[in-house]
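Structure record follows, encoded as structure tokens.
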Amino acid sequence: MEDGKKICFVICYNNQNYLSECLLYIRNLNIPDGYTIDILQIEDASSMAEGYQAAMDATDARYIVYLHQDVFILEKDFIKKTIKIFESDADIGMIGMVGTKKIPESGVMWENKERVGLLRSCNLNTVDDNFDRQMEQPYTEVEAVDGLLIMTNRQNVNWRTDIFDGWDFYDISQSFEYRKNGYKVIVPYQEKPWVLHDCGFLNMREYDKYRKIFLSEYMKKS
């Protein structure tokens, strides 16, 4: 039976140092009265979608936060604020920190000027990225969100493990699956970044492979 007062945090990881830091931030979050949290740590998953599907099948939590091991939640009232958004509109099914109002024909989220959200990125320097579009209050509806952090309140939309068996485009795919099922995908208004992404080296070796799979599955022209 689904527990409507539980939030499950899911982390696929292969680096213990990143995991420890990620957990530290989660455990410092303010937990609203009456709610509980659970944390599922998926080590060395064969793919992001596979790890996330396994976690979704294992938890009874209504709210699930899927986040990368190198993402640290800065906003201490993250749980309260996101649940308030879900409760404000029963059609909202997915929340992300960064997204795009329109996926370009290439399928690459970052190739147009429709990006929205706020993110603190840590690479050579620490910067706050405001992206292209001004955020709307209390949220902006988007076509897709970035997988660095995804929060859902539905257990009836499976991850596409059948076609996304790697580390790319699982997030945009899941955004499209939610919208296909009639749910809204949104990016909340943030006065300052709710999360920090300690983004290091990106392995893009199979990115184009999964981009083509995404285009074939979701953006075929009639």
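The values are calculated or read from the model by the stated rules, or taken from the named source; none is laboratory data. Just so you know, these numbers come straight off a predicted model, no measurement behind them. Ideal geometry is used to build each Cβ from the backbone, glycine not excepted, and the neighbour counts take in all protein chains shown.
The residue of the stretch 101-148 that is farthest from the chain's Cα centre (by Cα), among those that are buried (at least 23 other Cβ atoms within 10 Å of the Cβ), outside any loop (DSSP other than H, G, I, E, B) and modelled with pLDDT of 95 or more, is Ala144.
Listed here are the residues, each with its yes/no results for (1) farther than 12 Å from Tyr66 by Cβ; (2) at pLDDT 95 or above; (3) surrounded by fewer than 18 Cβ atoms within 10 Å (Cβ to Cβ).
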residue: Lys5; (1), (2), (3): yes, yes, yes
residue: Leu24; (1), (2), (3): yes, yes, yes
residue: Asp44; (1), (2), (3): yes, no, yes
residue: Met48; (1), (2), (3): no, yes, no
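Looking at the stretch 27-37, is at least one residue under 23 Å from Tyr170 (Cβ atoms), touching a residue at least 24 places away in the same chain (Cβ under 8 Å) and surrounded by fewer than 21 Cβ atoms within 10 Å (Cβ to Cβ)? Checked the stretch 27-37: no residue is under 23 Å from Tyr170 (Cβ atoms), touching a residue at least 24 places away in the same chain (Cβ under 8 Å) and surrounded by fewer than 21 Cβ atoms within 10 Å (Cβ to Cβ). Got at least one residue in the stretch 188-198 being touching a helix residue (DSSP H, G or I) at 6+ places or on another chain (Cβ under 9 Å), closer than 14 Å to Ala49 by Cβ and outside any loop (DSSP other than H, G, I, E, B)? No, the stretch 188-198 contains no residue that is touching a helix residue (DSSP H, G or I) at 6+ places or on another chain (Cβ under 9 Å), closer than 14 Å to Ala49 by Cβ and outside any loop (DSSP other than H, G, I, E, B). Exactly one residue among Tyr63, Tyr52 is in contact (Cβ under 8 Å) with a residue 12 or more places away in the chain, under 14 Å from the mean Cα position of the chain (by Cα) and not in a helix (DSSP H, G or I), and that residue is Tyr63.
Applying the condition of being hydrophobic (A, V, I, L, M, F, W, C) and closer than 18 Å to Cys12 by Cα to the stretch 60-85 and asking which residue is surrounded by the fewest Cβ atoms within 10 Å (Cβ to Cβ) yields Ile73. Please verify whether the stretch 153-175 includes one or more residues that are modelled with pLDDT under 90, among the small types (Gly, Ala, Ser) and over 22 Å from Cys8 (Cβ atoms). No, because not a single residue in the stretch 153-175 is modelled with pLDDT under 90, among the small types (Gly, Ala, Ser) and over 22 Å from Cys8 (Cβ atoms).
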